[in-house]
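The structure appears below as structure tokens.
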Amino acid sequence: MKQFQYIRPATQQSVLDAITKPGARILAGGSNLIDLMKRGVTSPDKLVDIQKLPLKGISKSTGNVSSISIGALELNSAVAENKLIKEEFPLLSMALNAGASPQLRNMATVGGNMMQRTRCTYFYDTAMPCNKREPNSGCGAMEGINRMHAIFGTSEKCIAVHPSDMCVALAALDASVEVKSKKGTRYIPFTEFHRLPGETPQLDNTLTTGELITRVIIPHNNFAKNSYYLKVRDRASYAFALISVAVGLDIQGGNIKEARLAMGGVAHKPWRLKAAEQFLKGKPATVANFEQAASLAMQGAKSFGHNDFKLKMAPASIIEALSNAAKLS
Amino acid sequence: MKQQAQHTPPFTEGINRVDGIMKVTGAAKYSAEYELPGMTYAVFAISNITKGIITSIDIKAAERAPGVLAVLTHLNAPKVPGYESGKDPSKPPTTGGPLKFFVDNTVKYNGQPIAMVVADSFERATYAASLIKAQYKKEQHETDTEKNKFKAAAPKGGRNGGDYKRGTPDDWKTAAVKVEQEYVVPINVHNPMELSVTLAHWTADDKVTVYAKTQGVKSTQNAIAQAFKLPVENVQVTTKFVGGAFGNALRTWPHEIATVQAAKLVKRPVKTVLTRELQFNTVGYRPYTWQKVSMGASADGKLTGIIHEATAQTSSFEEFTEGTVNMTRFMYACPSVGTVYKITPLDVNTPTWMRGPGEATGAFALESAMDELADKLGIDPIELRIRNHADTDPENGKPFSSKNLKEAYEMGADKIGWSKRKLKPGTLTEDGWLIGYGMGTGVFGAGRGRATVKAALLDSGTLLIQTSVTDIGVGTGTAMTQIASEIFTGIPVKKIKFELGDSSLPPSPTQGGSTITSTVGGAVHDACTQLKEKFQQLIGNGGTDKPDYVKVLKEKNLPQLEVTVTSSGSTEMRNFSSYSYSVHFVKVKVHPKTGVVRVDNVVSVADSGHIVSPKTARSQIIGGAIGGIGMALMEEGIMDHRYGRYVNNNYADYHVPISADIPQIDALFVNKPDYRVNPMGAKGMGEIALIGMSAAVANAVYNATGKRIRELPITPDKLLA
């Protein structure tokens, strides 16, 4: 490990002052960044530990549209067990509890979860090519071992997936991300926070240098009663998703008033299924409709060999998750 | 033969694990936890190519890095005297030999250490190792067993070479009902919690003390003595606790010799703890093995012929073989059996025994094929096995020393509720999940080897028992204490002290191959019996069952009364075939849409003689069943053959079962003593706990879904295909 500077500022202003250069990295729970540093994947000049900042707290605000705000330093385990979250957004609680292991959830923060990097093995192994780690070195996964890899939104440069479960639920819940920098505050819709690889797979998200995630805000919705997070994985815990599906349905009198659907394990970002949501709007909650929604959702999917099974597992999982959310079974 | 039925103790709960409290409170000191004054730490720089020659290696920056004491490479490493001796390099030994680090510029596998950095802290050594830059001349490598099957040949040496044939094995082809299928077990990696550890400290020019993670302190002592041409007694090896090994510490690996070599060079203690990544290609693994089973039976389910073929990987420099196909020769009463075992050399490090070893790989194929045959015959798989039960050993005609397999089938079937199983697959559901029941049989040789044990009655009232054996976590200390306590019934368990894991103690074999309870237990039994007799002679006739040992020794002015006994199995054992058996029963749930498999219930029955230590035996069966679930559903060391590198060499990507994957597991014991093997009537169970389990899971998955997965692990994608 190369030498680096470590600071732990006490105020938000001093954090913002410290992160103006690309070599500085923010350290929160450290459950991913420290691993990346140990493996030589990332070598920051400066670690800015933000644990002293008052970025905790889960609170409800009642305005025109009520919403719940979650501080960026809230622990994954604390959010998952929070009473407000369990009542209003059980989908988020389910997704968080499906992620990682209890030990990791007790360390990982909400902001850090959003910033975690792909688990693609070629990204982690510095002896292998990877365009995300080292632009223009090639993609090891494309013709390599790609069982865990993407089927949507891939590029010639990268077929990695974003590993988070929490983010899949937040994408489905239309959350927004509050970001601060020396220029001020801005809000990024959650679905626009992460990005597709395109020509620049080294960029995971749309944050720019000098920005700090401070809160995630989830607007009120009516999905609490009919939510489900399905995660299909190789073992019952501590495994990344082969496929995951976040579903929120607003069902009134057997008809779907609104639907929210997002998938994990399929793309470089949480993958919202807008066409399927649109299709389900106003339709009865039936397996036949779910099947049609799933087939709409799969349009444009492309696999790479080891992950061919996802073309079958993904629609099956969408139908299963929708059926569970609608309490059909 | 002389029946040694001194006693048949009732099947009681047994004593608690004697080191249990030490382990759960952190008081147990594992090899990596020893700290010596002036300690230094070694870290390897490894090859990123798979095959070729190091054309240059730049260690200047590493040597200049803070805290670095030495950097060893093939260009500067001091000679290991034992590496120099004997062999004419132009005539390689027929079965090869272990790799030696830092002797030449060749790279034989990806991840091979090319340099070793010794520094005053682990972190500094790690950093310095990252500064080492090598240039290579690459050669074309081969790491894919499937692709290189055509090169496979019978091993030149070892116990597992040679084809086997009895009768006319091709009879399967003309049988009324036939199965001919191929099965694959991928690379499995031991992955115990405890990493490989070697701490070497030269206390004089010709004396070295080593704290090592090893399954046998005597074998490590001998290997180091040979490598450095030292008198054996000048090498002290200590291994008080082992945090799981499963076979990867059965032999002394080259990095251990390198650590001793480095300690000699820097004249300070050197500690090497391998990283998790290096565990994958430095200390062995279960080899990728392709198998084919062809079997035929008459319409009434009598086997007429079986051919079992296997091809496994080995390294380019050393033959590794295991008993993959051997079980097929004696497991069932089939008149005609053929087995063929081949290995194919690859540019990888040498595989090694992993729990159950080859027998677990072989049992996956044989016991899956038996299930397929039962399915084709339309009969219950247990019924098929009973119809083909071997009453005597079909391989050599000998009687079995004991065999209660039919009783084991019955006990397990009752406990899991086998009667609920449907013959037709895919017909049972619970809450929308498909339900299936499966079973598989395991078998492993149950012998008794030689061990020496010293037993002493001390005037403090302690019974001290000493032998060099290591306890790799299975509960050897507990089992030996139990055996002693049943002979010295007057001494409370807490006054019995069993000392182990030290090469200066009387010799016991390496812990592996399910032999220790029988071998060392037999010697503990004999030593305690002789000590008791010696005591009886001391006090003359009379006396009671519970004499006051302290009082007698003090009266006789003896600080202690001791015996040292070497014992081994009787030669009459040669007239018998002796095996331990297991039967595993599994209930699985399979999600019909996602292909997710959940093991819902497990019953494992062991027919392994008298159960000496019920609590640790139960743990051993549960551990083996969990290992078998891992083998069946998740374990696979995946290599990108373009690079010859593992892509999942860490705990996050190489899956072993975690708590949430493990259901209720019932361990049942037939518990009938076999006094032909040893005076306790006990047979080993470490291997049978796992052998047959992966087939039981696969058979249950078939029963649930109608899908037969013949290539492990059974992951959801394979069930959706």
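The values are calculated or read from the model by the stated rules, or taken from the named source; none is laboratory data. A quick note: this is a predicted structure, and the numbers were derived from the prediction, not measured. Because the Cβ atoms are built from the backbone with ideal geometry, glycine has one as well, and the counts that use them run over all protein chains shown.
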Starting from residues that are away from chain B (no Cβ under 13 Å) and more than 20 Å from A:Y238 (Cα to Cα), keep the ones in the range A:112-134 and report whichever is surrounded by the fewest Cβ atoms within 10 Å (Cβ to Cβ). A:E134
Restricting attention to the range A:223-266, which residues are away from chain B (no Cβ under 14 Å), of a type in the set (D, E, K, R) and touching a strand residue (DSSP E or B) at 6+ places or on another chain (Cβ under 6 Å)? A:D250, A:K257, A:E258, A:R260
So B:D600 passes all but one of these: (1) within 14 Å of another protein chain (Cβ to nearest Cβ); (2) of a type outside the set (G, A, S); (3) buried (at least 22 other Cβ atoms within 10 Å of the Cβ); (4) in contact with a strand residue (DSSP E or B) (Cβ under 8 Å, 6 or more places away or on another chain). Which condition number does it fail? (3)
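Quick grid of which residues meet (1) in contact (Cβ under 8 Å) with a residue 40 or more places away in the chain; (2) in contact with a helix residue (DSSP H, G or I) (Cβ under 8 Å, 6 or more places away or on another chain); (3) assigned by TED's automatic domain parsing to the domain that holds B:M680:
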site	(1), (2), (3)
B:K532	yes, yes, no
B:F535	yes, yes, no
B:P547	yes, yes, no
B:N557	no, no, no
B:Q560	yes, yes, no
B:S582	yes, yes, yes
Does A:S137 satisfy being under 27 Å from A:K21 (Cα atoms), more than 14 Å from chain B (Cβ to nearest Cβ) and of a type in the set (S, T, Y)? no
Which one is surrounded by the most Cβ atoms within 10 Å (Cβ to Cβ), of the residues in the range A:204-222 that are in contact with a Ser or Thr (Cβ under 6 Å, 6 or more places away or on another chain) and either assigned to a loop (DSSP other than H, G, I, E, B) or within 14 Å of another protein chain (Cβ to nearest Cβ) (or both)? A:E211
For the subset of the range A:297-316 comprising residues that are charged (D, E, K, R) and facing chain B (nearest Cβ under 10 Å), which member is surrounded by the fewest Cβ atoms within 10 Å (Cβ to Cβ)? A:D308
Some residue of the range B:672-686 being of a type in the set (D, E), touching a Leu at 6+ places or on another chain (Cβ under 9 Å) and away from chain A (no Cβ under 14 Å): no
Residue under evaluation B:H591, criteria (1) modelled with pLDDT of 95 or more; (2) under 30 Å from B:A625 (Cα atoms); (3) more than 14 Å from chain A (Cβ to nearest Cβ), criterion not met: (3)
Which condition from (1) crowded, with 19+ Cβ neighbours inside 10 Å; (2) in a loop (DSSP other than H, G, I, E, B) is the one that B:E146 breaks? (1)
Restricting attention to the range A:154-203, which residues are touching a Lys or Arg at 6+ places or on another chain (Cβ under 7 Å) and either in a helix (DSSP H, G or I) or in the same structural domain as A:A267 (by TED's automatic domain parsing) (or both)? A:A171, A:A172, A:T191
Has the range A:278-296 got at least one residue that is of a type in the set (D, E, K, R), part of a helix (DSSP H, G or I) and more than 10 Å from every other protein chain (Cβ to nearest Cβ)? yes
With the requirement that a residue be in contact (Cβ under 8 Å) with a residue 40 or more places away in the chain, over 14 Å from B:G522 (Cα atoms) and in a loop (DSSP other than H, G, I, E, B), what does the range B:452-469 give you? B:D459, B:S460, B:G461, B:S468
Considering A:L173, A:L196, which residue is among the hydrophobic types (A, V, I, L, M, F, W, C) and touching a helix residue (DSSP H, G or I) at 6+ places or on another chain (Cβ under 8 Å)? A:L173
Anything in the range B:616-637 that is farther than 26 Å from B:A682 by Cα, away from chain A (no Cβ under 11 Å) and hydrophobic (A, V, I, L, M, F, W, C)? List them, or say none. B:M631, B:A632
Strands (runs of 3 or more DSSP E) fully within the range B:267-335 counting 2 or more residues that are farther than 30 Å from A:D35 by Cβ and either in contact with a Lys or Arg (Cβ under 7 Å, 6 or more places away or on another chain) or at pLDDT 95 or above (or both): B:289-297, B:303-315
Check on B:K156, surrounded by fewer than 14 Cβ atoms within 10 Å (Cβ to Cβ), more than 30 Å from B:A61 (Cα to Cα) and among the basic types (K, R): yes
Yes/no for B:V210 being of a type outside the set (D, E) and buried (at least 24 other Cβ atoms within 10 Å of the Cβ): yes
Specify the residue that is surrounded by the fewest Cβ atoms within 10 Å (Cβ to Cβ); the eligible residues are those in the range A:317-329 that are in contact (Cβ under 8 Å) with a residue 12 or more places away in the chain and within 8 Å of chain B (Cβ to nearest Cβ). A:I319
Every residue from the range B:638-667 that is in contact with a strand residue (DSSP E or B) (Cβ under 7 Å, 6 or more places away or on another chain), crowded, with 21+ Cβ neighbours inside 10 Å and more than 10 Å from chain A (Cβ to nearest Cβ): B:A667
Matching residues, the range B:314-338, being buried (at least 24 other Cβ atoms within 10 Å of the Cβ) and in contact with a helix residue (DSSP H, G or I) (Cβ under 6 Å, 6 or more places away or on another chain): B:E322, B:T324, B:V325, B:M327, B:T328, B:V337
Read through the list (1) surrounded by 24 or more Cβ atoms within 10 Å (Cβ to Cβ); (2) within 12 Å of chain A (Cβ to nearest Cβ); (3) in a loop (DSSP other than H, G, I, E, B); (4) in contact with an Asp or Glu (Cβ under 9 Å, 6 or more places away or on another chain), then give the number of the only condition that B:V612 fails. (2)
For the condition within 14 Å of another protein chain (Cβ to nearest Cβ), farther than 15 Å from A:R117 by Cα and in contact (Cβ under 8 Å) with a residue 12 or more places away in the chain, what is the one hit in A:K52, A:K2? A:K2
